[in-house]
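A short write-up of the structure that comes next.
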Amino acid sequence: MTKLLKCIILSNCVNFAFGDLDLDSVNLLQTGVRQHQQMQGTIGHFSEFYEAFDKPVVCHTHGTFHSPEGTRVSFMASHTNVTLAIAGVPKLSLTYSSLPNQAVTWVEFGDHSFAPDLTQPGEVKDELAQLFSSPFAFGGAKALSSQLGRRSWNGADRECSGKLHMLLLNLEKAAANPSWGPYGSSDRCPANKAADWKCEASSFSGTGTYYTPGDPHLSAANISWYQDVKCKPNPGSSNQDCTGLCGKGCDCWESICGDKYKCEYHPVCCAHDEACRRDGFLSSKCMNIFVEHSCSDAEVGKYVKN
């Protein structure tokens, strides 16, 4: 690291010889570095990130992420495996069948191994409670998903990462409602339905503007380092949880489908909410990947209604 870079990052450039660099330029650089450091504290950062992609054969990423609340998380995603290791919590690994179906066939959680949909013993449920109550489950999972998406590792452009995004989304959903509770009938998820929410593309330092789902501004925010998309029910709407939005409640998860998805109603996301409520976090229907079916241009165009 050069002396100039050190003085800029440390905001200590007293008596430094800048040569042709004027003081205004130095102050501007210092401001940019401070903003970047503040942003890292808000959205988290990677200390390690590895990627290999050559469609359709090679799709692999792994690394270490430090979430905004300070949790260290190791992750891995490939065509047939996903691993999430949160500091202080047993490691969770999922094995998937080969393409094109991509169904979960085996679960490893701490010292336990089992097939999905089987009733888990009491000790597994106790350890799952640790997972659901970890600080990472309340915002950190979304931060990791968003940071992966900003590196083009979203479920549409890098299909194998869709499994990791789904795991992260399921973790936050389960943390918010670990019992999952009963659910309504399937007529809650018609193929076409107008979204009854609006969404804000906000910067991390302040509020933004609310847009109707499908607005191009929401697509741009999906790949922005400085914006996040949050939605809220329309006034008078009975859909207070934004059922049908791809995300957790009214939080639009932009990295599930990348910039193709602009926070519209989607029946596959609606059905996923229903399946997780009914069958549980580690059920096959809740864990199975769906983005290759729901994130294509044809599928998004078929189902969303602007």
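For the range 60-69, the Karplus equation 6.51 cos²θ - 1.76 cosθ + 1.60, evaluated at θ = phi - 60°, returns couplings of 8, 8, 8, x, 10, 10, 10, 6, x, 8 Hz by residue, with Gly and Pro reported as x. Ordered by the count of other Cβ atoms within 10 Å of each Cβ, fewest first, TYR265, TYR96 give TYR96, TYR265.
Taking each residue as 0.36 nm, the span from GLU48 to ARG151 lengthens on full extension beyond its C-alpha to C-alpha distance by 35.8 nm.
Put in order of Cβ neighbour count within 10 Å, fewest first, the listed residues TRP106, TRP253, TRP153 become TRP106, TRP153, TRP253.
Every Cα-Cα pair of the range 45-176 was included, and the share exceeding 21 Å stands at 38 percent. Sorted ascending by nearby beta carbons within 10 Å, beginning with the fewest, VAL58, VAL124 become VAL58, VAL124. Applied to the range 232-242, the Karplus parametrisation 6.51 cos²θ - 1.76 cosθ + 1.60 on θ = phi - 60° returns per-residue 3J(HN,Hα) values of 8, x, 5, x, x, 6, 7, 8, 6, 9, 6 Hz, with x for Gly and Pro.
For the pairs LYS55/LYS125; LYS125/LYS232; LYS262/LYS285; LYS230/LYS285, note any where the Cα-Cα span goes beyond 29 Å. As for pairs spanning more than 29 Å Cα to Cα, those are LYS55/LYS125; LYS125/LYS232.
Taken together, the values in this text are just the output of simple stated rules run on the coordinates, not laboratory data. Not measured: the values here are computed from a predicted model. Please note: Cβ atoms are built from the backbone with ideal geometry, for glycine as well, and neighbour counts cover all protein chains shown.
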